[in-house]
Amino acid sequence: MRSPFTQLVCLATVAIGTLSSFKALNFFGSDPRADEDHSQMIAEELPHARPPRGVPLTITEGTWLRAPGEEWIIQQNELARKQGLEPRFTEDPSAADGEGAWIDSTGFIQKRYDEEEDFWAYWQWVGPAQLTRGRRDFVQFCSSCHGLDGDGYGRSGQWLRPSPRDFRQTNFKFTKVLANLPTDDALKRLIKRGLDGTPMLPWDLSDEQITDIVQYIKSLSPEGMGWRDPFTGIGSIVEAGENPWAGRENFAIKHGEKVYHGVAQCMLCHPGYVNPRDLPGLLDQPEDTVYRENLYLPVLKDSEYEVLGEKVKILPPDFTFHTIRSGQTPQDLYETIASGIKGTAMPAWKGSLSEEDLWALAYYVQDLVEEYKDKPAERRGLMERLREGL
Amino acid sequence: MNRSLIGLGALLALTACGGGDSAPKPQKSTTGSTSSSTAETTTTAKSTDTGGAAKASGSQDWNDSMGTATVSGAIKFEGVAPENKAITMSDVDPKCPGGAEETILVSNGGLANVVISVNKGLDGYKFAKGTGAVNLDQKGCQYIPHVLAMQAGQTVSITNSDDTVHNVHSYSKRNQAFNQAQPAGAGAIEKKMSQKDKSFPIKCDMHAWMNCQVVVFDHPFFTVSDENGNFTLPKLPAGTYKLVAEHESLGKQEAEVTVADGGTETVTFSYGQSAP
Ligand SMILES: [Cu+2]
């Protein structure tokens, strides 16, 4: 029952070095057998990967998905050089019909022309074998929450709040990149870390498995959206640079409090954590200025995310109460604040605040988290003081 | 979309490793037809001009001196203009002064903030990218202008004249969307709009009433009606054009107009209660 393509498939896969199991590959060619047969056979070979009855696991066609642009390519080359490896891309000004392009020695990333949009962009080829591996692991590990087709409405996910991500919306919150979409590495890091305070666990799968899952998730982009949108921007995780407050953390917290309630006015959406009477001083306003009602509570904000066809609103976190989703070290918080949270009201602050202010905010938020974590009585006291303006 | 990517499945099947993960061989363009026998011999349907505009074959490069005709006119608003509700801002941000809604602005029977552009009739010309910058200011916790039309290649320079913070949340499609904070005193946010883009909003999430519309054209024949609803499209070449008027809440209208060299034609669009 071996596919005639098996050997070739194996060769190709070895060449790209993402092969995890020769055995499993028997079933991943463009094999004419029915999907049910595949499911059956995979289930026999890999009993843990038994899919729900009738759910296809095999993807027979590869696809082109948007790749990051030149900046990333140059980064990759630099990285390779640092490791003493041959850079993967060479610049060719005559390529892409004279547009100029970086040529990928493996051929997996190409600058391609979209005729309808009259637009050149880098695209990445993802083959059916990798998509099938990704699909298989997705069904096994992700689908109970994210749904068998990635619609965020899996059996276990239906009642979860926050709702699991619907991958067809091609919007991702904690990618920590400045572009619309994250690079593969950024998405992989998110999966490996998980999202604290949500059922999105840190996934301890092999790097190869997560790579495959990421490719599969990207392939769920509808036509003209996400990784199938020629105009999509794909970026790496924002760089944190040097910490200007190293060794002066207490000053950072103090300064962060000033930035939070002053120039950045985080309390327009998040709670304010200082006595309202102190605000006019921080904001350079008359002493009798009246601030928003319930200043000690966050304000519900519109988002771009939809659940069952309805736009959902998102509550900006109260740092003394909610679990910070994507890391609580000053560096993590720096990355989140600097890059913003895609699809929500939270903007990117990098470039709009000085690096000192950004890091100070990160320290201040971390301090709020640590100060009141698992201390309900202390927090109640704080809330009372704020509410009563004491 | 991505019609050009069609045929890759076929290309793949023809490569030595059908069903495997090897990418189709590098090729010059994606416009290869499914009938080509191998990826290497894929023909490119695209012309070699660097602009990549396949439709531009036989067209000539546009320069300003070629246009001597003018289309001018007015956007009328029939009936009683809706009252623009006052916006109380201080309960959200005491640094915002308060204002009024500005979606429908009518003055002397004319409707402001309607984008008028030439939609059809320019196929014979190839337009260079726009240059320079256009300003979008945040002042009094509202956007100035409320409707901004620009040319692909131009930069939008977004400034904050207020003593408070805003976040500039762009919902552009063909140009990179962004959501960038801009505290008082922060420098201008400069975003190059390289591609034409249908009308999209820029909003501020901190001040929920703040929104404006931006549209990016791939030619220079567009304008926005002034406060009295008047507009002028100068420097057009002689020809017959489809003119489109677009208002953010009242929708689109079309008109056909023919102008001769050196001539001026007048077009009137009519919105409002009695409009169709
Ligand atoms: Cu604002």
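The values are calculated or read from the model by the stated rules, or taken from the named source; none is laboratory data. Quick caveat, the model's predicted, so the values are computed rather than measured. Quick reminder, even Gly has a Cβ in these numbers, built from the backbone with ideal geometry, and neighbours come from all protein chains shown. Quick note on the areas: whole protein, heavy atoms, side chains included, nothing else; ligands and nucleic acids left out. Shrake-Rupley method; radii C 1.70, N 1.55, O 1.52, S 1.80 Å.
Data overview
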{"read-out": "The stretch B:196-207, residues that are open to solvent by 30 Å² or more (accessible area, probe 1.4 Å), more than 9 Å from the ligand (Cβ to nearest atom) and within 11 Å of another protein chain (Cβ to nearest Cβ)", "value": "B:LYS196"}
{"read-out": "Among residues of the stretch A:117-132, those that are open to solvent by 10 Å² or more (accessible area, probe 1.4 Å) and in a helix (DSSP H, G or I), counted", "value": "1"}
{"read-out": "Residue among A:GLY197, A:GLY154 that alone is open to solvent by less than 20 Å² (accessible area, probe 1.4 Å), among the small types (Gly, Ala, Ser) and over 24 Å from A:GLY224 (Cβ atoms)", "value": "A:GLY154"}
{"read-out": "Residue count, the stretch B:149-188 (criterion: within 18 Å of B:TRP209 (Cβ to Cβ) and away from the ligand (no atom under 15 Å from the Cβ))", "value": "1"}
{"read-out": "Within the stretch B:252-270, tally of residues that are open to solvent by 80 Å² or more (accessible area, probe 1.4 Å) and not in a strand (DSSP E or B)", "value": "1"}
{"read-out": "Subset tally (residues that are more than 14 Å from chain B (Cβ to nearest Cβ) and open to solvent by 20 Å² or more (accessible area, probe 1.4 Å)) for the stretch A:331-354", "value": "1"}
{"read-out": "Search result, residues across the stretch B:241-255 that are within 18 Å of B:VAL214 (Cβ to Cβ) and either in contact with an Asp or Glu (Cβ under 6 Å, 6 or more places away or on another chain) or small (Gly, Ala, Ser) (or both)", "value": "B:VAL244, B:ALA245, B:SER249, B:GLY251, B:LYS252"}
{"read-out": "Test: residue in the stretch B:213-224 that is within 13 Å of chain A (Cβ to nearest Cβ), buried (at least 22 other Cβ atoms within 10 Å of the Cβ) and over 18 Å from B:GLU248 (Cβ atoms)", "value": "no"}
{"read-out": "Tally, over the stretch A:109-164, of residues that are more than 14 Å from chain B (Cβ to nearest Cβ) and at positive phi", "value": "3"}
{"read-out": "B:ASN167 in contact with a Cys (Cβ under 6 Å, 6 or more places away or on another chain), in a strand (DSSP E or B) and either free of Cβ contacts under 8 Å to residues at least 60 places away in the same chain or under 17 Å from B:CYS96 (Cα atoms) (or both)", "value": "yes"}
{"read-out": "Where a residue in the stretch B:87-99 is in the same structural domain as B:MET206 (by TED's automatic domain parsing) and without any contact (Cβ under 8 Å) to a residue 12 or more places away in the chain and its partner, wherever it lies, is within 12 Å of the ligand (Cβ to nearest atom) and among the β-branched types (Val, Ile, Thr), with Cβ under 9 Å and at least six apart", "value": "B:PRO94/B:THR164"}
{"read-out": "The lone exception for B:GLN182 - which of (1) more than 12 Å from chain A (Cβ to nearest Cβ); (2) open to solvent by less than 30 Å² (accessible area, probe 1.4 Å) it fails", "value": "(1)"}
{"read-out": "Test result for B:ILE144, within 14 Å of another protein chain (Cβ to nearest Cβ), among the aliphatic types (A, V, I, L, M) and either surrounded by fewer than 17 Cβ atoms within 10 Å (Cβ to Cβ) or within 16 Å of the ligand (Cβ to nearest atom) (or both)", "value": "no"}
{"read-out": "Qualifying residue in the stretch A:197-215 (condition: part of a helix (DSSP H, G or I), more than 14 Å from chain B (Cβ to nearest Cβ), closer than 26 Å to A:GLY327 by Cα and not hydrophobic (A, V, I, L, M, F, W, C))", "value": "yes"}
{"read-out": "Selection status of B:VAL106, away from the ligand (no atom under 16 Å from the Cβ), open to solvent by less than 40 Å² (accessible area, probe 1.4 Å) and of a type outside the set (Phe, Trp, Tyr)", "value": "no"}
